[in-house]
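All remarks here apply to the structure that follows.
The values are calculated or read from the model by the stated rules, or taken from the named source; none is laboratory data. Everything numeric in this text was worked out from a predicted model, so none of it was measured. Every residue, glycine as well, gets a Cβ built from its backbone with ideal geometry; the counts of neighbours run over all protein chains shown. Side chains included, ligands, DNA and RNA excluded: accessible areas come from the protein's heavy atoms. Shrake-Rupley method; radii C 1.70, N 1.55, O 1.52, S 1.80 Å.
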Amino acid sequence: MNLRNCALAFTIILAGCNRDDGIARKAIIDGTAIDAKTRTEHSVLVVAGERILTASTTADKAIPASAERYDGRNRFVIPAFVKEPEDWPETPLTTYQEIDTRVNVEGANLVFGIVEDRVIEEYRWFDSMRQKAVVFIPRMSRLEPGSESFRIASQNLVKLAESDVSIAALAPRENPSDIFREFEALALAGMTPEQVLHAATLNASLALRQDDFGLLLRDKRASLLVLSANPIEDVANLRKIDRVMVNGNWADNARPFVN
């Protein structure tokens, strides 16, 4: 492509970004965007309607002139959290035999609970869970810290994480705010803040078998949180929600959920 054609193509792109098609646009500018795949400083997230239109950096000047702008400096943008569906089971599985049967006999790829009756030493078991793309929802916050069950479950949880098995954290449907207790329980058990963030976002979408949220990418649903502190430094910072966007609209901070 010659120089003239390149210039024409760039002009068309800019025109497309700035066209007035009646769809409300919002731009979160100069924050740090963090999801399970990337961390982008000086980010620019442009939202059109219910979807993310572009995810770039401040080096890209193609921000729609009519967009409602939000100053993201000293802020951290992450995907919104997820609530458990109404039809998910109340009682988690807690023994090796229960979970092994559920996955390797019944063929399930979603496990509610974690092994609490013994520390699993066979690493091939964890490899098998990863190869089968099993997602674990351990619900660690139901266990008493310091108890034998919590100690055993913590060791198995860390081994799952080290084996790259997906661990998800979702808000209990009866008390959604307890999701923060789950984040803190996962961290107390030995997961890193980055692993907890992944559990709360991308892995939560994997648990629901949906792929239109959980990452800050073009065409993903624009449900996200703006935090006032870095969640990768401390899990407690996931509580520090400055603003909430649900399906492209600014929402009540008390409802930081996709669904």
*What size of dipole, in debye to the nearest 20, comes out for segment 133-259 about its Cα centre when the only charges are +1 on Lys and Arg C-beta atoms and -1 on Asp and Glu C-beta atoms?*
260 debye
*In degrees, nearest 10, range 0 to 90: what is the angle between the Cα axis of helix 3-18 and the longest Cα principal axis of the chain?*
70 degrees
_Just to compare against my own numbers: the Cα pair-distance distribution for segment 119-259, 5 Å bins, whole % per bin, please._
2, 10, 18, 22, 21, 14, 8, 4, 1, 0
_Fraction in percent of alpha-carbon pairs per bin - 5 Å, segment 83-124_ = 6, 20, 26, 26, 13, 6, 2
_Nonlocal amide H pairs with Arg173, under 5 Å, H built at 1.01 Å_ = Glu84
*Using every pair of alpha-carbon atoms in segment 62-175, split the distances into 10 Å bins beginning at 0 and state the percent of pairs per bin, rounded to integers.*
12, 38, 26, 11, 9, 4
*Give me the percent of the accessible area of segment 61-104 that comes from carbon and sulfur atoms, probe 1.4 Å, all protein chains in place.*
44 percent
*Given labels modelled 7 Å from the Cα in the Cβ direction, how far is it in nm from Asp117 to Ala254?*
4.2 nm
*Under the definition of Cα pairs under 8 Å and six or more residues apart, what whole-number percent is the relative contact order of the chain?*
21 percent
*Return the FRET efficiency for the residue pair Leu217, Ser177: r is the Cβ-Cβ distance, R0 is 25 Å, and the value is rounded to the nearest 0.05.*
0.35
*Compare the peptides 165-172, 233-240 by average per-residue count of other Cβ atoms within 10 angstrom and give them in order, highest first.*
165-172, 233-240
_Can you tally the lysine pairs in the chain where the Cα-Cα distance is under 17 Å and the two residues are eight or more apart, or on different chains?_
4
*Whole-Hz ³J(HN,Hα) from phi, Karplus 6.51 cos²θ - 1.76 cosθ + 1.60, for segment 140-156, glycine and proline x*: 5, 5, 7, 8, 7, x, x, 6, 5, 4, 5, 4, 5, 4, 5, 5, 5
*Pop out the carbon and sulfur fraction of the accessible area of segment 114-181 as a percent, whole number, probe 1.4 Å.*
44 percent
*Let me have the 222 nm mean residue ellipticity of the chain computed from DSSP H runs of 4+ only, each contributing -39500 (n - 2.57), with the sum over all residues rounded to the nearest 500.*
-8500 deg cm²/dmol
*Find the eigenvalues of the gyration tensor of the Cα atoms of segment 187-259, then list the square roots of 5 times those eigenvalues as equivalent ellipsoid semi-axes, largest first, in whole angstrom.*
20, 17, 10
*Over the chain, average the accessible area per residue using a 1.4 Å probe and give it in Å², no decimals.*
49 Å²
*Could you give me the radius of gyration and the Dmax of segment 126-195, taking only the C-alpha atoms into account and expressing both in angstrom?*
12.0, 34
*Dipole magnitude of the chain, debye to nearest 20 (Cβ charges: Lys/Arg +1, Asp/Glu -1, about Cα centre)*: 1040 debye
*Roughly how many whole Å is it from the C-alpha centroid of segment 37-113 to that of segment 186-207?*
11 Å
*Compute the projected area of the convex hull of the Cα atoms of the chain, averaged over all viewing directions, and report it in nm² to one decimal place.*
16.1 nm²
_Could you give me D for segment 153-226, from Stokes-Einstein at 37 °C and 0.692 mPa s, where the hydrodynamic radius is the Kirkwood radius over C-alpha pairs? Units µm² s⁻¹, please._
253 µm²/s
*Let me have the relative contact order for segment 13-165, percent, based on Cα pairs under 8 Å that are six or more residues apart.*
17 percent
